Amino acid sequence: MSRLWAAGIVVLIGLFLFLFLSDAQLGERQQVPVSEKMVQKNVLGTNPGPVIFGQSEGLEEGSANLVTSIVVGYRALDTLGEIMVLFLSALGVGAIAHLVWNQKLQKEAPSFILKTGAGIVFPMILVFGVYVFSHGHLSPGGGFQGGSILAIGILLLYIAFPTFELNRVLFQRLEGFGGVTFVVLGVIGALAGGAFLFNFLPNGVVGQLFSAGLIPILYLLIGLKVGSELGGILRNLYGGE
Amino acid sequence: MSGLDAIAIVVFAWIFLTGLIAIEAKERFTSVLMLSAMGLGAAFLFAWMRAPDVAMTEAVIGAGLTSAIFLLVLLRMKRGGEDAHE
């Protein structure tokens, strides 16, 4: 019986996404495909006047990083696909992890330098990773890079402390929270602006931390999701005999 | 040929050499380390071609995480590099 419910929910979500994937606005259908709109588009576009870092307000895409405005602004649906692919690969590793555990991992006792250094370096890695994905719209970086840096910090903890175990429930909840909130924000954007993952928050001044509308929030969710996902992959490969 | 072009040629040679060693090495451990070194060279080239996001991604994931995952799986194989048969 629960399989029927699951199938019904999947069909509903599929129909919902399919309706919003097309170029239709809510209510009327446009005849011009998206690619034609983008061919004649200039980078400066509909901006009033020249764009000055730290001063220009109310631009079309409020982020200072060009790659970010494409990855999470114009093509945010592709980023959702990337997140899905990462989730599937982490799921695959988790499903066959018990086959890897047949050979025990010989963990050597870590040296003094490693133990002391890891205690000093790990908070720096944590701060740097959070900096990279929270400033994705201002400086090079973003959610994927910052999340991977967090996962490397977790790897350092695994190497330096032999009795370290990752809290599985916490990281699975974090990962699920990140993914679900991403889709929920997309649906809210669809209801508020007419397109899935529409940027419905105001674009502030270019260059400030709280600007570019929905983009820093999306990158925060992506960073949390990617970091906890890769940490889960490392936990499946490293721990648990 | 300016100085920057010479650096680029050296890095290209580094990528080529480490890739060659990664293919022709006898032990798998050496191959994984050479793949990580190749990722380092590729990250430098991406940064040199003014693509900092791609360089950061390549350095973190290519030279860091995938090499770590490869090594973790290699360590679970039997000694001598043979596969763990059931």
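The values are calculated or read from the model by the stated rules, or taken from the named source; none is laboratory data. Just so it is clear, the model here is predicted, and its values are computed rather than measured. Note that we place each Cβ from the backbone using ideal geometry, even for glycine, and neighbour counts take in every protein chain shown. Heavy atoms of the whole protein, side chains included, go into the accessibility calculation; ligands, DNA and RNA do not. Shrake-Rupley method; radii C 1.70, N 1.55, O 1.52, S 1.80 Å.
Taking both sides together, what accessible area is buried at the B/A interface, probe 1.4 Å, expressed in Å² and rounded to the nearest 100?
Details: alone 6610 and 14890 Å², together 19700 Å².
The summed interface area works out to 1800 Å².
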Exercise for review: Provide the per-residue ³J(HN,Hα) series for the stretch B:42-59, in order, calculated from phi with Karplus coefficients 6.51, -1.76, 1.60 and θ = phi - 60°, each as a whole number of Hz, with x at glycine and proline positions.
Suggested key: 5, 5, 4, 5, 5, 5, 5, 8, 6, 10, x, 5, 5, 5, 5, 4, 5, 5
Check your understanding: Looking at the stretch A:78-185, which GluC sites (Glu not before Pro) are in a loop (DSSP not H, G, I, E or B) and have at most 16 other Cβ atoms within 10 Å?
Key -> A:108, A:165
Study note, to complete from the structure: By the C-alpha gyration tensor axes a ≥ b ≥ c (rounded if a/c is under 1.5, else prolate when a/b exceeds b/c, else oblate), the shape of the stretch A:60-195 is oblate
Practice item. Mind pulling the angle between the C-alpha long axis of helix A:2-21 and the longest principal axis of chain A? Nearest 10 degrees, somewhere in 0 to 90. Key: 40 degrees
Practice item. Give a residue-ordered list of calculated ³J(HN,Hα) values for the stretch A:210-220 (Karplus: 6.51 cos²θ - 1.76 cosθ + 1.60, θ = phi - 60°; whole Hz; x for Gly, Pro). Key: 8, 8, 6, x, 7, 5, x, 5, 5, 5, 4
Exercise for review: Calculate one ³J(HN,Hα) per residue across the stretch B:9-19 by plugging θ = phi - 60° into the Karplus curve 6.51 cos²θ - 1.76 cosθ + 1.60, and present them in order as whole Hz with x for glycine and proline.
Suggested key: 5, 4, 5, 4, 5, 4, 4, 4, 5, 5, x
Review point. When the helices in chain A are scored as -39500 (n - 2.57) per DSSP H run of 4 or longer and the sum is shared across all residues, what 222 nm value do you end up with, to the nearest 500 deg cm²/dmol?
Key: -19500 deg cm²/dmol
Check your understanding: P(r) for the stretch A:194-241: what percent of alpha-carbon pairs falls in each 10 Å bin, starting at zero?
Key -> 23, 31, 23, 16, 7, 0
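Calculated from DSSP H runs of 4 or more alone, at -39500 (n - 2.57) each and per residue, what is the 222 nm mean residue ellipticity of chain B, nearest 500?
Roughly -22500 deg cm²/dmol at 222 nm, from the helical runs in chain B.
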Review point. DSSP loop chymotrypsin sites (Phe, Trp or Tyr not before Pro) in the stretch A:98-172 with at most 16 other Cβ atoms within 10 Å of their Cβ, which ones?
Key: A:101, A:164
Review point. How big is the equivalent ellipsoid of chain A along its three axes, where each semi-axis is √(5λ) from the Cα gyration tensor, reported in whole Å from largest to smallest?
Key: 38, 26, 12
Exercise for review: Any chance you could give the angle, 0 to 90 degrees and rounded to 10, that helix A:143-160 forms with the longest Cα principal axis of chain A?
Suggested key: 10 degrees
Check your understanding: Two-decimal Rg/Rh of chain B from alpha-carbon positions, Kirkwood Rh?
Key -> 1.10
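Per residue, what accessible area does the protein assembly as shown have, given a 1.4 Å probe and all protein chains present, in Å²?
So the protein assembly as shown comes to 60 Å² accessible per residue, rounded to a whole number.
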Review point. How many partner chain Cβ atoms sit within 10 Å of a residue's Cβ in peptide B:55-62, on average, as a whole number?
Key: 5
Check your understanding: Quick one: ranking A:225, A:107 by accessible area, 1.4 Å probe, largest first, what do you get?
Key -> A:107, A:225
Revision key, fill the gap. With Rh as the Kirkwood radius over Cα pairs, the stretch A:153-241 has Rg/Rh of 1.14
Study note, to complete from the structure: Share of accessible surface on carbon and sulfur in chain A, whole %, 1.4 Å probe and ligands ignored, is 69 percent
Point to revise | For residue A:214, distant residues with modelled amide H under 5 Å away | key: A:200, A:201
Study note, to complete from the structure: Expressed as a percent, the accessible surface of the stretch B:14-73 that is carbon or sulfur, using a 1.4 Å probe and the full set of protein chains, is 76 percent
Practice item. Please give the solvent-accessible surface of residue A:163 in Å², to the nearest 10, using a probe radius of 1.4 Å with every protein chain present. Key: 130 Å²
